[in-house]
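Inspection log for the structure reproduced underneath, given as structure tokens.
The values are calculated or read from the model by the stated rules, or taken from the named source; none is laboratory data. Every value quoted in this text rests on a predicted model; they were computed, and no experiment measured them. As a convention, Cβ positions derive from the backbone with ideal geometry for all residues, glycine included, and neighbour counts pool all protein chains shown. These accessible areas exclude ligands, DNA and RNA; they are computed on the full protein's heavy atoms, side chains included. Shrake-Rupley method; radii C 1.70, N 1.55, O 1.52, S 1.80 Å.
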Amino acid sequence: MTRHLLTGTELTRDDLLAVLRRARELKADPTLGATSLAGASVALIFHKPSTRTRVSMEAGVVELGAHPLLLRPDEMQLSRGESVKDTALVLSRHVAAIGIRTHADALLEELAAEGSVPVINLLTEGHHPCQAVADLLTLQEAFPDRLGADGGLDDLRLAYVGDGNNVARSLALVGAIAGLAVTVVAPDGYQLEPGTPATLASDPGTGVAGADALYADVWVSMGDEATADARRAALEPYRIDDALLDAAAPGAIALHCLPAHPGEEITAEVLYGDRQRIWDQAENRRHAQKALLEWALRRGPFGG
């Protein structure tokens with residue numbers, strides 16, 4: 001059965017913790033995975049602009065011994081009306097896996113359903129699972145004495161502050177698998193849907209109480225430009241600053257998936273200060289995604 005990573009919920013707890021262990025190993029010694037995907041090619045499709053995802057995936061694929069094939073919309077027949085099904089069938093004849101950063105989750109799901117190779121979600125409107133796995137790796141590094149015997153994060157709490165978007169959803173879903181307690185602190189109209197495995201709160205001061213990490217994302221994401229002014233007005237009280245960190249647990253850290261807009265969702269003092277792990281978090285995308293590729297393709301420690 002083909003292993004896909006579409007929402008992150010495809011991972012069991014054992015899978016996820018094994019991926020995180022492998023990511024730590026690959027970070028400590030990148031040469032460990034140098035032949036995991038030797039001779040293979042990985043298609044990387046980018047329908048949205050990208051800095052961290054493209055760089056971390058392309059570099060990670062190379063470090064695993066494979067060749068990354070970067071594909072933009074204007075370079076593919078998809079942009080001229082070729083079906084997703086036909087694209088999936090053709091790519092499956094040439095590459096070992098497909099990573100895609102796109103808009104609708106439906107396109108991602110169709111690509112996975114019609115092809116015969118693993119599909120990795122590099123960001124959709126609904127989910128960002130690779131980011132969430134990298135975030136969990138960062139939390140493991142930041143709080144090594146708080147982890148369970150299996151590496152679980154059951155003793156940790158994270159408060160996501162701001163727009164309840166794809167990143168917030170993935171933190172809730174993937175975090176729950178690892179035991180992380182997630183609270184999403186957002187105003188009315190910007191909150192995650194009920195039923196997501198997260199505590200939903202609206203008041204920043206009380207919502208972050210007891211949290212070991214506060215998490216920010218931009219207030220105006222790609223596609224939200226038309227409502228930018230309204231979004232900034234609604235989210236103004238949801239800025240991560242030193243005062244909000246003081247309202248969290250002692251020793252709380254700030255996280256941000258980037259790109260950041262200092263002065264909006266996070267202050268420059270926090271973004272570049274000593275109470276954050278944001279730049280470690282950005283690096284950890286590469287290590288987490290390498291482990292996820294090995295898992296999806298049953299390479300390295302994940303079997304033959």
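Going by the conditions given, is Y215 aromatic (F, W, Y) and open to solvent by less than 50 Å² (accessible area, probe 1.4 Å)? Against the criterion (aromatic (F, W, Y) and open to solvent by less than 50 Å² (accessible area, probe 1.4 Å)), Y215 qualifies.
Tell me, please, whether a residue that is outside the structural domain of I120 (by the TED database), β-branched (V, I, T) and either touching a Cys at 6+ places or on another chain (Cβ under 7 Å) or farther than 20 Å from Q276 by Cβ (or both) can be found in segment 138-145. Outline the logic, then answer.
Step one: filter segment 138-145 for residues outside the structural domain of I120 (by the TED database), giving 138-145.
After this cut, where a residue has to be β-branched (V, I, T) as well, the list is 138.
Of the ones still in play, those that are also either touching a Cys at 6+ places or on another chain (Cβ under 7 Å) or farther than 20 Å from Q276 by Cβ (or both) are none.
No, segment 138-145 contains no residue that is outside the structural domain of I120 (by the TED database), β-branched (V, I, T) and either touching a Cys at 6+ places or on another chain (Cβ under 7 Å) or farther than 20 Å from Q276 by Cβ (or both).
Would you call G152 without any contact (Cβ under 8 Å) to a residue 60 or more places away in the chain, more than 25 Å from T2 (Cα to Cα) and not aliphatic (A, V, I, L, M)? Let's see the steps before the verdict.
Numbers: without any contact (Cβ under 8 Å) to a residue 60 or more places away in the chain: no; more than 25 Å from T2 (Cα to Cα): yes; not aliphatic (A, V, I, L, M): yes.
No.
Looking only at residues that are open to solvent by 30 Å² or more (accessible area, probe 1.4 Å) and touching a residue at least 40 places away in the same chain (Cβ under 8 Å) in segment 73-104, which one is farthest from S36 (Cα to Cα)? Only one residue tops the list, namely H103.
Counting the residues of segment 198-228 that are farther than 14 Å from A168 by Cβ and modelled with pLDDT under 95 gives 8. In summary, helices (runs of 4 or more DSSP H) completely within segment 240-304 and bearing 1 or more residues that are surrounded by 15 or more Cβ atoms within 10 Å (Cβ to Cβ) and touching a Cys at 6+ places or on another chain (Cβ under 8 Å) occur at 278-297.
Within segment 148-155, one or more residues are farther than 16 Å from L20 by Cα, in the same structural domain as T183 (by the TED database) and of a type outside the set (G, A, S).
Checking each residue in segment 125-171 for being among the charged types (D, E, K, R) and more than 9 Å from the chain's Cα centre (by Cα) picks out E125, E141, D145, R146, D150, D154, D155, R157, D163, R169. When segment 59-110 is filtered for residues that are at pLDDT below 95 and of a type in the set (K, R), the ones remaining, listed by number, are R72, R80.
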